[in-house]
1. So what does the Cα-only Debye profile of segment B:53-198 read at q = 0.10, 0.19, 0.20 Å⁻¹, as log10 I(q)/I(0), no solvent term?
2. Suppose you put the label 7 Å out from Cα in the Cβ direction; list, shortest first and in nm with one decimal, how far A:Gly147 is from each other copy's label.
3. For the interface of chains A and B, what total accessible area is buried with a 1.4 Å probe, rounded to the nearest 100 Å²?
4. A 19 angstrom limit on the alpha carbon distance is what I want to check against. Which of A:Lys118/B:Lys30; A:Lys118/B:Lys172; A:Lys30/A:Lys125; A:Lys172/B:Lys127; A:Lys30/B:Lys118 exceed it?
5. Leaving out same-chain residues fewer than 8 places away, which lysines sit with a Cα under 27 Å from that of A:Lys195?
6. What dipole magnitude, in Debye to the nearest 20, does segment B:53-198 give about its Cα centre under +1 on Lys/Arg Cβ and -1 on Asp/Glu Cβ?
7. Leaving out ligands, DNA and RNA, and with a 1.4 Å probe, what % of the accessible surface on segment A:21-63 is carbon or sulfur?
8. Copy-to-copy spacing for A:Ala31, label 7 Å out on the Cα-to-C-beta vector, in nm, shortest first?
There are 2 protein chains.
Amino acid sequence: MARRSDHSREEIREMALEAAEKLIAEEGSKALSARKLASAIGYTVGTLYLVFENLDDLILQVNARTLDRLHARMLEALAPLDDPTERILMLGHSYIAFADAHPHHWELVFEHRLPPEKEPPQWYKDKVRRMFALVETELEPLAAGRGSKAITQAAAALWSGVHGICILAISKQLDVAGVDSVQDLTHSLMSNYLKGFVG
Amino acid sequence: MARRSDHSREEIREMALEAAEKLIAEEGSKALSARKLASAIGYTVGTLYLVFENLDDLILQVNARTLDRLHARMLEALAPLDDPTERILMLGHSYIAFADAHPHHWELVFEHRLPPEKEPPQWYKDKVRRMFALVETELEPLAAGRGSKAITQAAAALWSGVHGICILAISKQLDVAGVDSVQDLTHSLMSNYLKGFVG
DNA sequence: GCACAACACTGAACGATGTTCAATATAATT
DNA sequence: AATTATATTGAACATCGTTCAGTGTTGTGC
């Protein structure tokens, strides 16, 4: 064997990420393995390690793409809305809808742990930060006169809260709690918090 | 080798669970392996499989004990308080404090996934349900006249929200968001939600 | 005190995992 | 055509969860 330049490094990288996403979407993150992934793109394990540092690195790239997609989806959902309250509620709803549509991908974003003491790279942290920033921006019109500290905290509280609902919903623990509609629950959390926050 | 009745099955079970808890607390759940665990209690792998169905089963037992400890801790924290608002805020605070004190154990409760389509046993679901129930009970005095449906939903929203903070805090993503105090954030989430909910 | 049955326990074996790297086959260059 | 450079391989290693035929220990009945 040993073909040469059938695909550039970039092409292989893209093929691998797409194959990984397909595997994860269809069978969950536990089904992802180096050999399976390699054979899915018609290469062998060794080649994967030319393109990615290791599987942790590959998963980080997959998660980055998931975060990008959610971010894009949220901006899209925001576009047609004007009312500040509607806009911020929409952030929560589109988050939940996204996680519901891609549960395995979303699980992976929060299940995946780097080896201890090894921090995610800055570019990845920025993608996470961007989510909180989105909420902060939408919160501003509703928090007239509040300091930026208060807005940061409120955004973190809202985002964390919606995130918690998300996690529990994916792992089916909200059924146990007697919740019938996850979207209603999200609405309850956000609107009541905002009522309290805005005053 | 092949000792007989040095320890009863129950004793071995207890030893294994304690050793597992020690390993998890000190090195995180990734450090847990059947061989390591077996040698920690002076037995071999085979013996573990006499006492537990498999590692998933063992982890479920560990998680059950973690849930029990948190539940007990919450009841303890509640005991000296009378004011309904104080009591419910305390639930959130003691939850966060517990997760902060035992991050690896708490991570495991939410990272661990059974094989797809395999549900956790009823006794385990009950332990989860009990947490929500605790919040519902404390919510009742604050929700005079509200239907049990509304209380259930509010409890789920509060618990999910605090849980979300918990998860993000453990995975260090709240630092990224510019949050300085997790306990303050929890207080913000709960008190603002309650302000909105109670009216 | 002895044989035997019942049981506790072992550890080699299996297939899978992530990761490495000497060997090899192909392309580019001379 | 010969040589160099490099893209790709796949066998090898340590480790994983899990199984189960075999071995050693104990309690029972004679």
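The values are calculated or read from the model by the stated rules, or taken from the named source; none is laboratory data. All values derive from a computational prediction rather than experimental measurement. So basically every Cβ, Gly included, is an ideal-geometry build from the backbone, and we count neighbours across all protein chains shown. Calculation scope for accessible area: heavy atoms of the full protein, side chains included, ligands and nucleic acids excluded. Shrake-Rupley method; radii C 1.70, N 1.55, O 1.52, S 1.80 Å.
1. -0.37, -1.21, -1.30
2. Spelled out, the distances from A:Gly147's label point are 4.3 nm.
3. The summed interface area works out to 3300 Å².
4. Pairs exceeding 19 Å: A:Lys30/A:Lys125.
5. A:Lys149, B:Lys149, B:Lys195
6. 320
7. The value for segment A:21-63 is 52 percent carbon and sulfur by accessible area.
8. Listed shortest first, these distances are 3.4 nm.
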